[in-house]
Amino acid sequence: MEKRVVFDGKLLPYALLMPQLLITIIFFYWPAAQAVWQSFFIQDAFGLTMQFVWFENYSVLFANPDYYRSMVTTLVFSCLVTFFSLSIALMFAVQADKHIKAAGAYKTFLMWPYAVAPAIAGVLWLFMFQPSLGLVAQAIRALGVDWNPQLNGGHAMTLVVMAATWKQISYNFLFFLAGLQSIPKSVIEAAAIDGARPARRFWTIIFPLLSPTTFFLLVVNIVYVFFDTFGIIDSVTGGGPAQATTTLVYKVFSDGRLGGDLGGSAAQSVILMILVIGLTAIQFRYIERKVQY
Amino acid sequence: MTGANNEVVNKLAQDFNASQREFRVVPTYKGSYPDTMNAGIAAFRAGNAPHILQVFEVGTATMMAARGAIKPVFQLMAEANEPFDPKAYLPAVAGYYSTSRGEMLSFPFNSSSSVMWYNKDAFRRAGLNPDQPPKTWPEVFDAAKKLRAAGYDKCGFSSAWITWLNIEQFSLWHNVPLATRANGIDGFDTELRFNSPLHVRHLQNLIDLQKDNTFSYSGRTNTGEGRFTSGECPIFLTSSGFYGNVKANAKFDWANAPMPYYPDAAGAPQNSTLGGASLWVMGGKPAAEYRGVAKFFAFLSQTERQAKLHTDSGYLPITQAAYEQVKASGFYRENPYLETPILQLNNKPPTENSRGLRLGNMVQMRDVWAEEFEAALAGQKSAQAALDAAVSRGNVMLRQFERTVSR
């Protein structure tokens, strides 16, 4: 006979859900609602006057060529960081998954960067690549390249992409490694016996079986690039030179905090929110179908 | 304030607290200038503002416009019957923090100006006279080329605070308008004007010299100052507040000199303007507490104390009397580098173009101007196009600021 536990009353389940619901409401829905509310006003920095302006903050934003530029920058930046952090992490995970000496030590070292705060990570990279002080920068200059991230937008972008990628590799590595270890050895061994070489085994067996992990990481990484890379950009380039590294989230900060334009900044965060919700929805709707669980 | 200057502030508070029993001053460090200002604004919005907030000079317009949030200093002192004479201050200092009617709104505290630092050893190496620094921009360019040929090939000369030095100070020093309405002092309906032929010519020179690193860009703030103390850049324009750092870290013979100018520009050199910060009194506190603030300001204004602040911190003496006293003591014979910025500030009586500047949204606007400078120096834009864009983008921000404050 089937055993079924039935709880009386509705209070207990709600009470158990309460802490999580409260946290979600206070820390997610409440600020999000505030951002939507503020985006319909213009106000001075001190909040002395507020004027309801309907969608003016949005129309100003969409009439501003800098905003589109920052969208393109974000697109380039997020594609690069997501691609490199996922592929490099996968490569490391595959290597660390092999039977090698001191695998535990490798794994530990590969996880360390995740514990470094974004701003600190930024400063570390800045020091290495600072044109007059940085060791790496001096090596690059010795090779005859006029390395100058302070003026060359491409160099600046390279630098923030490297710092942001480096920071995220550990996280991805961890999940890939766990994913790899959950793939049954027997499947791989069977393929080996059938004569499949390592590369073929990887692409036809491991990679497809890893796809749930890859998909999850894709979503997480995109959210990371959109929101969490702000500290790195702020400490490495400050959005420069000439806006070459001003991403959408950095622009929210610089308009809101440096410019004191809370309405415009709120409008930008609302758009950013919609973009990320849309992206995630698309990923679940279309990419998830191709994922084999 | 950080480092040694933080100690100076703490000492001031201690001395004041020991000098009387009625009031207590508690100094709190809130981070960099923009961080401090934002913390003050956030505290005000939360109904928890401090009595006194130290705000850097570019935040002046924002504070001034927040009429309901601040208590003007002239009014505070009058209500508390404390002696206060705006004329006691150096004109360039008083003008910066006063309304067009001469009412002082904030209390000047730490002021600096920008000067040209140079490496005397490098000058000797390049066959230049270390006791006759270049006075004009063409002379600076020549000297930098010679220095470059003598081995300083990564950087002949450079400048921190790229926009403060090359737009703001440049305009005042050459007596050309930075913006209409006396650079914004006479009203928030000001429009930027720094795309004049003289400005374009200067930026074009920098673009041309950047190509072979005779000029080498050092970023928007002062993070590039280490290039001077490390010996990489033999000529470096930055704040006079750099003094302590140079003294502690430069392992070569150094000096400073007034900022260069274009000799064919009529009226140049005019006078420079100041940087640094002033103390703003926040509004909405009881009268009894304001009496304490007024007492503290009276305490700060004493000539002895002003003179000591100047010689301890390297910031400018802000009152005429303190300057005279330090001068009479012979201090500048030993430390001529501390007098250069004062001579610049006092060079000529200020004109409409050189009283100071007061532009809203200035913190972010400086970034916008710097973006255009960077585009021009990287060769993406001509000097004219970059300055035109900086002016028009800046004007949009000024109009937005005007709109949020004028109601």
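The values are calculated or read from the model by the stated rules, or taken from the named source; none is laboratory data. All figures in this text were calculated on a predicted structure; none of them were measured in a lab. Heads up, the Cβs are rebuilt from the backbone with ideal geometry, glycines too, and the neighbour counts pull from every protein chain shown. In case anyone asks, the SASA skips ligands and DNA or RNA and just uses the protein heavy atoms, side chains included. Shrake-Rupley method; radii C 1.70, N 1.55, O 1.52, S 1.80 Å.
Legend: residues in region A:245-266 shielded by at least 30 square angstrom of accessible surface upon adding the remaining protein chains to the isolated chain (1.4 Å probe, heavy atoms) are A:ARG257, A:LEU258, A:GLY259, A:ASP261. Which of rounded, prolate or oblate describes region B:29-180 when judged by the alpha-carbon gyration tensor and an a/c cut-off of 1.5? Here region B:29-180 falls in the prolate category. Surface burial for B against A, with a 1.4 Å probe and both sides summed, reaches about 2800 Å² of accessible area. Cysteines in the protein assembly as shown that lack a partner Cβ within the 4.7 Å cut-off: A:CYS79.
Centre-to-centre, using Cα atoms only, region B:153-213 and region A:175-219 are separated by 60 Å.
Contact-buried residues of region B:214-242, at a threshold of 50 Å² lost accessible area versus the chain by itself: B:TYR217 (1.4 Å probe; DNA, RNA and ligands ignored). When the C-alpha to C-alpha distance is required to be over 26 Å, the pairs from A:LYS167/A:LYS251; A:LYS167/B:LYS30; B:LYS135/B:LYS348 that qualify are A:LYS167/B:LYS30.
At 1.4 Å probe size, with the rest of the protein present, what percent of the exposed accessible area of region B:1-89 is carbon and sulfur atoms? Numbers along the way, then the final one.
Details: 2430 of 4750 Å².
Taking all protein chains in place, region B:1-89 shows 51 percent carbon and sulfur surface.
So what is the accessible area of region B:129-277 per residue, in Å², with the probe set to 1.4 Å? Mind showing how you got there, number by number?
Values: 4990 Å² over 149 residues.
Value for region B:129-277: 33 Å² per residue.
Positive end of the dipole of chain B (Cβ unit charges, origin at the Cα centre): among B:SER218, B:PRO317, B:LEU76, the Cα lying farthest that way belongs to B:LEU76. With Cα atoms defining each centre, region A:118-154 and region A:97-111 are spaced 30 Å apart in the structure.
Between the helical axis of B:362-377 and the longest alpha-carbon principal axis of chain B there is an angle of about 0 degrees.
Could you give the angle, 0 to 90 degrees to the nearest 10, between helix B:287-301's Cα long axis and the longest principal axis of the Cα atoms of chain B? The angle comes out near 40 degrees. Just the protein heavy atoms count here, and of the accessible area of region B:108-152 at 1.4 Å, carbon and sulfur take up 44 percent. The lysines whose alpha-carbon is closer than 20 Å to the alpha-carbon of B:LYS295, local same-chain residues fewer than 8 away aside, are B:LYS11, B:LYS71, B:LYS87, B:LYS285, B:LYS308.
Of the whole protein surface, B:VAL26 contributes about 100 Å² of accessible area at a 1.4 Å probe radius.
Could you work out the relative contact order of region A:65-262, using alpha carbon pairs under 8 angstrom and six or more residues apart, expressed as a whole percent? Intermediate results must be reported in sequence, preceding the final value.
Details: 221 pairs, mean separation 68.6, N = 198.
For region A:65-262, the relative contact order is 35 percent.
Across A:PHE230, A:PHE127, A:PHE253, mean-square fluctuation computed from a Gaussian network of chain A (C-alpha pairs under 10 Å connected) peaks at A:PHE127.
The angle separating the long axis of helix B:303-313 from the principal Cα axis of greatest extent in chain B is about 40 degrees. Comparing each chain alone with all protein chains together (probe 1.4 Å, DNA, RNA and ligands left out), the residues of region B:367-387 losing at least 30 Å² of accessible area are B:GLU371, B:GLU374.
Note on the protein assembly as shown: Kirkwood radius taken over Cα pairs, Stokes-Einstein applied at 10 °C and 1.306 mPa s, translational D equal to 56 µm² s⁻¹. Evaluated with a Cβ-only charge set (Lys, Arg +1; Asp, Glu -1), region A:65-262 carries a dipole of roughly 600 debye about its Cα centre, given to the nearest 20.
With a probe of 1.4 Å, find how much accessible area region A:36-188 has per residue, and write the answer as a whole number in Å². Provide the component values of the computation, followed by the final result.
Values: 7880 Å² over 153 residues.
Spelled out: the 1.4 Å probe surface of region A:36-188, per residue, equals 52 Å².
Using a probe of 1.4 angstrom, how much of the accessible area of region A:87-167 is carbon and sulfur, in percent?
Numbers: 3250 of 4390 Å².
Exposed carbon and sulfur together represent 74 percent of the surface.
Among the DSSP helices (H) of chain A, those spanning at least 20 angstrom by Cα along their long axis with an average Kyte-Doolittle hydropathy of -0.5 or more are A:65-97, A:153-181, A:262-282; this is a geometric and hydropathy rule only.
How big is the dipole moment of region B:83-141 about its Cα centre under a simple scheme where the beta carbon of each Lys and Arg is +1, that of each Asp and Glu is -1, and everything else is neutral? Debye, nearest 20, please. Walk me through the intermediate numbers first.
Details: 6 positive and 5 negative charges, 29 e Å.
Approximately 140 debye in magnitude.
Between region A:26-95 and region B:258-335, the alpha-carbon centres lie 42 Å apart.
Please say if region A:65-262 is rounded, prolate or oblate, where rounded means a/c under 1.5 for a ≥ b ≥ c the square roots of the C-alpha gyration tensor eigenvalues, and otherwise the choice is prolate for a/b larger than b/c and oblate otherwise? It is prolate, given that a/c is not under 1.5 and a/b is the larger ratio. Both radii come from the Cα set of chain B: Rg as radius of gyration, Rh as Kirkwood radius; their ratio Rg/Rh reads 0.97.
Using the rule -39500 (n - 2.57) for each DSSP H run of four or more residues, divided by the residues of the protein assembly as shown, the 222 nm mean residue ellipticity is -16000 deg cm²/dmol.
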